[in-house]
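*Asks:* I'd like to ask you about the structure that follows.
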Amino acid sequence: MKEIKVTTLNEFGEKLIGLETSPLAEKEKYPTVILVHGFGVTKEEAGMFDNIAKKLSESGFLVYRFDFSGCGESEGDYSETSLTKLKSDLSKILDFVYSQPKVDNSRIGILAQSFGTATTIALEPKIKCLVMTGSISRPKAVISKLFGDGYNPEGISTRTKLDGIITKTKPQFWKDLENYNLPESIKKINYPILFIHGSADDTVPISEMEAYFQNANEPKKKIIIKGAGHGLEVNRDETYQIVVDWFQKYLA
């Protein structure tokens, strides 16, 4: 595989930094997958997206993964974020991907993880197929619980993760979530969706995925990875192959 850094701007003029991972085999156009990361993390998704990008590129896919504004290498203040802003960022990322000469615009898919699934469903992107892992359909309930005692919807909410990384949000984040009914939004999507969830996910309950699944249009499929947590740490190779197979079926 070959990897280069890429840059685009969001609607606020902030630089969004990403990676383009391409197959070694040269082609004029490639089927393309965009990886959409979760809440307060980065385009690497603790290594999961790095590995998925590698597996997909080895299977002939062009892959893009970006840091949302305020995350990783991208510009911006994450405490100012909202689902609406993230949705706008993703729209600009899609515009960038569509503009790339190597991208087959008729064969673009998305893999979204965790809160990235909420961002993706909020956008209702015009793509060919979708994979959702660790889906969040009711983000206010799920994410406020992550903050625990640090949840302060009228002020600064603060969360310190086990790795020491601190995430802060301001009141606009929680207020903005009230504008969305994501299980209803997914009804407007009419392309294949694969749902993957860990049976031992203690961050996001399986009921979050089920709320999407029952409203999603056919064709759809759900797979529960036995013993896996939110990051699908168990049987990752199995999960990666499931993802590759899905995109090969609907993109390649």
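*Asks:* Take the range 210-252 and flag every residue that is in a loop (DSSP other than H, G, I, E, B), closer than 16 Å to residue 193 by Cα and of a type outside the set (S, T, N, Q).
*Replies:* 216, 218, 219, 251, 252
*Asks:* So in the range 237-246, with the set limited to residues that are touching a helix residue (DSSP H, G or I) at 6+ places or on another chain (Cβ under 7 Å) and either of a type outside the set (Phe, Trp, Tyr) or farther than 22 Å from residue 205 by Cα (or both), which one is surrounded by the most Cβ atoms within 10 Å (Cβ to Cβ)?
*Replies:* Looking at the filtered set, the residue picked out is 243.
*Asks:* Okay, next question. Cβ-Cβ under 7 Å, sequence separation 6+ or interchain: first residue in the range 207-218 and touching a residue at least 60 places away in the same chain (Cβ under 8 Å) and of a type in the set (Phe, Trp, Tyr), partner in a helix (DSSP H, G or I) and crowded, with 18+ Cβ neighbours inside 10 Å. Which pairs?
*Replies:* These pairs meet every condition: 212/183; 212/186.
*Asks:* Name every residue in the range 114-133 that is closer than 16 Å to residue 244 by Cβ and not aliphatic (A, V, I, L, M), in order of residue number.
*Replies:* Answer for the range 114-133, where residues must be closer than 16 Å to residue 244 by Cβ and not aliphatic (A, V, I, L, M): 128, 129, 133.
*Asks:* Quick one: would you say residue 174 is in a helix (DSSP H, G or I) and touching a helix residue (DSSP H, G or I) at 6+ places or on another chain (Cβ under 9 Å)?
*Replies:* Taking the combined requirement at face value, the residue satisfies it.
*Asks:* Evaluate the range 153-161: report whether one residue or more is of a type in the set (Lys, Arg), modelled with pLDDT under 95 and not in a helix (DSSP H, G or I).
*Replies:* yes
*Asks:* Something else now. Is it the case that residue 191 is closer than 15 Å to residue 83 by Cα, touching a residue at least 40 places away in the same chain (Cβ under 8 Å) and of a type in the set (Ser, Thr, Tyr)?
*Replies:* no
*Asks:* Here is a check on your reading of the model: is residue 104 loosely packed, with under 15 Cβ neighbours inside 10 Å, touching a residue at least 60 places away in the same chain (Cβ under 8 Å) and under 23 Å from residue 124 (Cα atoms)?
*Replies:* no
*Asks:* Looking at residue 58, is it more than 17 Å from the chain's Cα centre (by Cα) and surrounded by fewer than 24 Cβ atoms within 10 Å (Cβ to Cβ)?
*Replies:* Yes: the conditions hold for residue 58.
*Asks:* Among the listed residues 193, 186, 206, 223, identify the single one that is closer than 23 Å to residue 107 by Cβ, surrounded by fewer than 20 Cβ atoms within 10 Å (Cβ to Cβ) and of a type in the set (A, V, I, L, M, F, W, C).
*Replies:* None of the other options fit; the residue is 223.
*Asks:* All but one of (1) touching a His at 6+ places or on another chain (Cβ under 8 Å); (2) surrounded by fewer than 22 Cβ atoms within 10 Å (Cβ to Cβ) hold for residue 114; which doesn't?
*Replies:* (2)
The values are calculated or read from the model by the stated rules, or taken from the named source; none is laboratory data. This structure is a prediction, so every number in the text was calculated from the model and none was measured. Cβ coordinates were reconstructed from backbone atoms using ideal geometry, including for glycine residues, and neighbour counts include every protein chain displayed.
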